[in-house]
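Student: This structure is in structure tokens; I'll ask about it shortly.
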Amino acid sequence: MVEKQAALDAIAQLKEQAKSRKFTQKFDLIFSLREFNIKKGDKIDDYLLLPHGTGRTSKFCALVGKELIVDAKKICDTAILVDDFEEWASNPRKIRKLVRSHHYFIAQANIMPQIAKTFGKYLGSVGRMPNPKLGQVIAPNADLKATVTRINKIAILKAKKQPNLHLLIANTEMADEDIWNNIRVVYDKVLADLPKGKQQLRHVFIKLTMSKPIILE
């Protein structure tokens, strides 16, 4: 079990180190696993909502119809109307640049066939196809602002190629207690996702973008 005081001490130590940098650094949580055999099909592919968000301001692109285009232009970094898909389809280089420059794509459900036809192979190849489980496929009358707020709080848990998890949980501008609460929620979720629970957990580390990891457990 990760002890609260040990985590708070590590957070404070890393924040002190971060003062010499001139940018906001991110906190990553790393789980080293054991008795976790990728070759035999062991994997974790899950997500959870962090109570205080990830600390990252993600870039969003909305692929929508006329029902959502006005809100999409106000709320998302990029908004593309279905009527303009044909123009985009003629410029693969432009689509690739779009895909590289955005973290999440939100899709209006009733135009998914058109989205798949125009953007599918580009989004799918880098794992950015709108995921219904994450709330990225929405109805024409959806609350787009609430959708973006929710997705910004999602942490992705993936262990499919190596026996470890590495995920973003906070940034250096967040309160220490908020970072601890995010750690606690992630820790509990990882244990719940492991078939043998704590028995499969070797170590837990925390680190900053530009720091060495500190062991928590």
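Student: Give just the number: which of (1) closer than 27 Å to K43 by Cα; (2) under 15 Å from the mean Cα position of the chain (by Cα) does T147 not satisfy?
Tutor: If we test T147 against (1) closer than 27 Å to K43 by Cα; (2) under 15 Å from the mean Cα position of the chain (by Cα), just (1) comes out false.
Student: Can you name the residue in region 65-89 that is among the small types (G, A, S) and within 25 Å of the chain's Cα centre (by Cα) and, of all such residues, is farthest from I138 (Cα to Cα)?
Tutor: Here the residue is A79.
Student: Against the definition (assigned by TED's automatic domain parsing to the domain that holds L49, acidic (D, E) and touching a Leu at 6+ places or on another chain (Cβ under 7 Å)), how does D188 come out, yes or no?
Tutor: no
Student: So, in region 133-177, how many residues would count as being polar (S, T, N, Q), farther than 22 Å from S32 by Cα and either exposed (fewer than 13 other Cβ atoms within 10 Å of the Cβ) or touching a helix residue (DSSP H, G or I) at 6+ places or on another chain (Cβ under 9 Å) (or both)?
Tutor: So the answer is 5.
Student: Only one of A155, A142, A170, A159 is out of contact with any Gly (no Cβ under 7 Å at 6 or more places or on another chain) and modelled with pLDDT of 95 or more. Can you tell me which?
Tutor: It is A142.
Student: Can you tell me which residue is nearest to the chain's Cα centre (by Cα) among those in region 23-55 that are among the basic types (K, R) and not in a loop (DSSP other than H, G, I, E, B)?
Tutor: Here the residue is K26.
Student: Can you tell me which residues in region 16-44 are modelled with pLDDT of 90 or more and either closer than 21 Å to D193 by Cα or of a type in the set (F, W, Y) (or both)?
Tutor: Answer for region 16-44, where residues must be modelled with pLDDT of 90 or more and either closer than 21 Å to D193 by Cα or of a type in the set (F, W, Y) (or both): F27, D28, L29, I30, F31, S32, L33, R34, E35, I44.
Student: Assuming T118 fulfils every condition listed in (1) buried (at least 16 other Cβ atoms within 10 Å of the Cβ); (2) under 30 Å from T54 (Cα atoms) apart from one, which condition is it?
Tutor: The one condition T118 does not meet is (2).
Student: So which residues in region 1-22 are among the charged types (D, E, K, R) and either assigned to a helix (DSSP H, G or I) or within 15 Å of N164 (Cβ to Cβ) (or both), if there are any at all?
Tutor: The answer is K4, D9, K15, E16.
The values are calculated or read from the model by the stated rules, or taken from the named source; none is laboratory data. Values in this document were obtained by computation on a predicted structure and should not be read as measured data. Positions of Cβ are generated from backbone atoms using ideal geometry, with glycine treated the same way; all protein chains shown enter the neighbour counts.
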